[in-house]
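Here the structure comes first, spelled out in structure tokens, and everything after it is commentary.
Quick note: the coordinates plus some simple rules give every number you see, no bench work behind them. Here the structure is a predicted model, which is why all the values come from computation and not from measurement. Positions of Cβ are backbone-derived with ideal geometry, glycine not excepted, and every protein chain shown enters the neighbour counts.
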Protein chains: 2
Amino acid sequence: MSAASDKNAALLARAIEVCSSREQWSAFSESPSTKIHGEEAPGRGKAAFEAHLNKPFELDQPGSAGRLGGEISPYTMEPLGIDYPGVDPDAVCAAAVQAMRSWQAVDPDRRAMVCIEMLKSLEKRLFENAHATMHTAGQSFMMGFVGSGANALDRGMEAVAYAYKAMTDIPQSALWSRQLGPHRVAFEKRYHFVPRGIALVMCCATFPSWNAYPAIMANLITGNPVVLKPHPNGILPMAIAVRDMRAVLATNGFDPNLVTMAVDTPERPVAGRFLERADVAIIDFTGSQRFGSWLEKNVRDKLLYTETSGVNSIVIESTSNLDGMVDSIAHSLCLFSAQMCTSPQNIHLGGAAIETDQGSIGADDLSALLVERIDRKVETPGQAAGLCGALQSQASVDMLDGLSRRAPEIGGVLREWGGYAHPDFPNARTATPLVIGTDNSAQDVLRTEHFGPASFIIRHRNADEALHRAASTAHEHGAIATHAYSNRHDFLDRAEQAFVEAGASVTFNMTGPIPLNYAAAYSDLHVTGLNPAGNACLTDLSFVCDRFRIVQCRWPEASRAADLQDGT
Amino acid sequence: MSAASDKNAALLARAIEVCSSREQWSAFSESPSTKIHGEEAPGRGKAAFEAHLNKPFELDQPGSAGRLGGEISPYTMEPLGIDYPGVDPDAVCAAAVQAMRSWQAVDPDRRAMVCIEMLKSLEKRLFENAHATMHTAGQSFMMGFVGSGANALDRGMEAVAYAYKAMTDIPQSALWSRQLGPHRVAFEKRYHFVPRGIALVMCCATFPSWNAYPAIMANLITGNPVVLKPHPNGILPMAIAVRDMRAVLATNGFDPNLVTMAVDTPERPVAGRFLERADVAIIDFTGSQRFGSWLEKNVRDKLLYTETSGVNSIVIESTSNLDGMVDSIAHSLCLFSAQMCTSPQNIHLGGAAIETDQGSIGADDLSALLVERIDRKVETPGQAAGLCGALQSQASVDMLDGLSRRAPEIGGVLREWGGYAHPDFPNARTATPLVIGTDNSAQDVLRTEHFGPASFIIRHRNADEALHRAASTAHEHGAIATHAYSNRHDFLDRAEQAFVEAGASVTFNMTGPIPLNYAAAYSDLHVTGLNPAGNACLTDLSFVCDRFRIVQCRWPEASRAADLQDGT
């Protein structure tokens, strides 16, 4: 694979470059256009997905224990009918440790090349995987193709670049010499990069590939085998990826057990059996703040990287683009039914009236504008389907029902939620956004994450109170994406300072074609590690550096080469 | 300080370069020669040290609480008579947090320049600090000057380089743009490097500066204020350094409370009061494995970097330089009375007879050679004084007495320990090495660290048994410096593999003018983090990367510059 290697080396070099420049770049295409992928690609992808249904999914990994799986499509509300091999942690971990031993001898360059081959192989399954993501996570096809596809692969590539940088920060060998009086003293040194052990990568239900690919890549390049534990309703997209990565490893002459999978069910969760093992050294967790915090408090002897969730806020002090602001916020409240870790929830209005390019606007009128814009965005079932997708979990329906019932005590419903009729899937579990108006008194509600399309428009006495509340919520309850709108320099400066102190990344005055939720690989840092929304950042040096350690071996120059007897 | 800045920038660039090449380099002189430092430097340094004695040490830091200090010189066995301000953790931490706020606004380049100024300022006190180190740690003057001086400063500079690398891995700002159909979308981004909080740097008694300087520098460059907690009998060298660093900070217009000191006594330890504080975010600990392990198990909410101790082994399979090997080992058993974390303790003989360049030699004869060489190295009081220094703690005397008494059950005394008469300090607490011969049965003794000049020559049936025992001891009980001697390729390869698996760095066939204990800044990695001798490595990327985190701020291009109204 020499030509492929050259190409991959060029990709790696470019990825490292853009990690430093933070400019826009992608190695993958975001467009599902047949002009790029060929006329047959969409149909072939769909057929490949459908071929998985109602069949056992074959995954040739060691020590399988029975068959299980109970995924239900949020679009058809029918079981996918797929079962997967259950996991025997002893067998899988033994195989993973054995794979780690041989992988340890492979140099970082070669590891990176193989990892990039994996990403390119996954790219070939974007159509298939987009359908698999739809029917497990509830994403729309386009989000499954772009966000869970190209963008997730970019994040995998970004992790390859970072992990490679860390692994090549010092050479694998060196010569050290100095003159001591008349004597030259010289040592040859070899630096062994030692992996930590098995990495358990735990995925969330709604956007598994987005954090899984970077975690897998960060672990593999640094030498650690991965056991992927998908969410019980998000197995298929990860199973397709795992099987594919195993094939790439085997094709290139490496042990496929560097990547294995641990499928479980809600009734019989398997994560605990890995957490208690000494050979599991790393946990990469994406999921609820509740379990993430539990891990942070209870996992003692392992490296732990968490990305959980929080209460994302938008602060509105003023705007020089009322229409653009309202459009961006409305879009973000609808997008994938706000089931993203970057979805906004709390919209803090900085006073009874907001200065805009269209004059001063009262809080009621601004709320009405926002509701109208949401209405317009989900006006037709086709629009709603493309934007909102489906609800991954019944829990979001229950949440919406509950909040709706409690609305009178919180404030008042500004927009009632409701399902929309999906044009292709009449049984789909759908929702358009619930919007509740309130003042700042309903603290218990406002300082809790409500997973799904529920948001609050909160009136404050002034913009600084709004800012203070948004920042303290981020600091105490976590936030991954925060926004503020203002056309005042002084306010933006105060907002920047407040959110930096709160440990929450912030975007100002974002309007236009890119969703508020967008985080660009190589440029945007996802999660700060400074608030309860996670302890790690995808991806910075700190995400990769500790995944391996260095053991040094040194000896007097040339003494291991020619001078010694051959002992055999 | 523009000329100084240029010079410091060149030093930083060179330090970063050698961290990658791992070649020999130093920014400081190891020689106390008056040709370098001037005729008056030695006398002036001694006088400066003596001027501290029997006086209050003035340290103008916030919230001092009483005076304390009870250091005793291991050379005179008299109290130094110095008292220091006691610490009020509330006041010191409040001042440190305030200093952190202003320091956070200083860019990494400027921080690095100031840190290098500190190191250069400390260099000017090498003579003074060498005497202070002698009379607290018990080091010989030369070790105090070189090991605790130039070499420790080198390690500080190495940490500056690493921390600077980590802080500049991404730019402080970036422009991201992409074309979306007809639209160019562009964001300006600012990356805020946010410190974690106060760093408590806890020093050991015998070699405080060696880990303190790198920890201080790693923390300062990444934005974190340092509270230095010296060992109750190792205050003076650290107090001199702290006062000096505070002066450099103030002279350069920065808040001196970035570096403060927390002095305590064995009766009223103060570390716990910092450990329980939320504003203390980082612990850098050097000291006993017992307390280090306690910290590793109990410190939950802070970053923790430990360097403790272990049971260092030497494995002898064969040698092509019997004389050199015996000389190096004997030297290392004497050096600073084996009170270094790199001092060997267990010498494993790989069989009843060892092949050498002088023919096969029996275990008894090899042991006798080693004992003779030790005898010769400490033959005169002057030689012994220069090599062994003094015992920092009475605990080492008790340890030697205890082992000597138990020797018959362990095996037998090959060399009895005893004080030597120091030529300059007749009351000095001194020792020449105790050597005990044993077989592999005394596991409880051999798998425990005996801090001070005690070693064991252990007979094994064969070299692989010796290797296995040394490696498993390192793995289970920690090791920082391991050695093996062999002229067989196959054995060296097996040894390399065994020690890499044990997570213990190893040196092969080391002889000549450089002590076995030597670890070169920029080249040798000190502590692997893979065995109980510590969880960190001084210095690699992992030692610095997590000491800060990144909060991102982004906004549409140019929207914060010209387009906005001035809100004031």
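The residues neighbouring A:Glu372, those whose beta-carbon lies less than 15 Å from its own, together hold a net charge of -3 under the Lys/Arg +1, Asp/Glu -1 convention. In chain B, helices alone account for a calculated mean residue ellipticity at 222 nm of -13000 deg cm²/dmol, with every DSSP H run of four or more residues adding -39,500 (n - 2.57). Separation of region B:332-365 and region A:336-379, taken as the distance between their Cα centroids, equals 77 angstrom. Full extension of the chain between B:Arg447 and B:Thr380 gives 20.8 nm of extra length, using 0.36 nm per residue less the Cα-Cα distance. Sequence-ordered 3J(HN,Hα) estimates for region B:459-472 from the Karplus curve with 6.51, -1.76 and 1.60 and θ = phi - 60° stand at 8, 10, 5, 7, 5, 5, 5, 4, 4, 4, 5, 5, 5, 6 Hz, glycine and proline given as x.
Within the set A:Lys7/A:Lys189; B:Lys120/B:Lys229; A:Lys229/A:Lys297; A:Lys46/A:Lys124, which residue pairs have Cα atoms separated by over 24 Å? Flagged as over cut-off: A:Lys7/A:Lys189.
Full extension of the chain between B:Glu58 and B:Ser288 yields a length gain of 79.8 nm, computed as 0.36 nm times the residue separation minus the alpha carbon distance. Summing charges over neighbours of B:Trp210, with a neighbour being any other residue whose Cβ is under 11 Å away from its Cβ, gives -1 when K and R count +1 and D and E count -1. Relative to the other identical copies, B:Ala421 shows label-point distances of 11.0 nm, where the label point lies 7 Å from Cα along the Cβ direction and values run shortest first. Across the identical copies, the 7 Å label point of B:Ala250, projected outward along Cα→Cβ, sits 7.1 nm from its counterparts, in ascending order.
Applying 1/(1 + (r/R0)^6) with r as the Cβ-Cβ distance of A:Leu304 and A:Gln358 and R0 = 45 angstrom yields a FRET efficiency of 0.40. Pairs of Cα atoms nearer than 8 Å and 6+ residues apart set the relative contact order; for region B:78-211 it is 27 percent.
For A:Thr432, B:Thr438, B:Thr34, B:Thr539, the sequence from fewest to most other C-beta atoms within 10 Å is B:Thr34, B:Thr438, A:Thr432, B:Thr539. Distance to the B-onto-A rotation axis is smallest for one chain B Cβ; residue and value in angstrom are B:Cys545, 2.
Measuring between their Cα centroids, region A:230-308 and region B:197-218 lie 37 Å from each other.
For region B:39-144, applying the loop criterion from DSSP together with a ceiling of 16 other beta carbons within 10 Å to the GluC sites (Glu not before Pro) yields B:Glu39, B:Glu40, B:Glu58. Distances between copies of A:Leu303, taken at a point 7 Å out from Cα along the Cα→Cβ vector and listed shortest first: 1.5 nm. Projecting label points 7 angstrom from Cα along Cα→Cβ for B:Glu23 and B:Glu409 puts them 5.6 nm apart.
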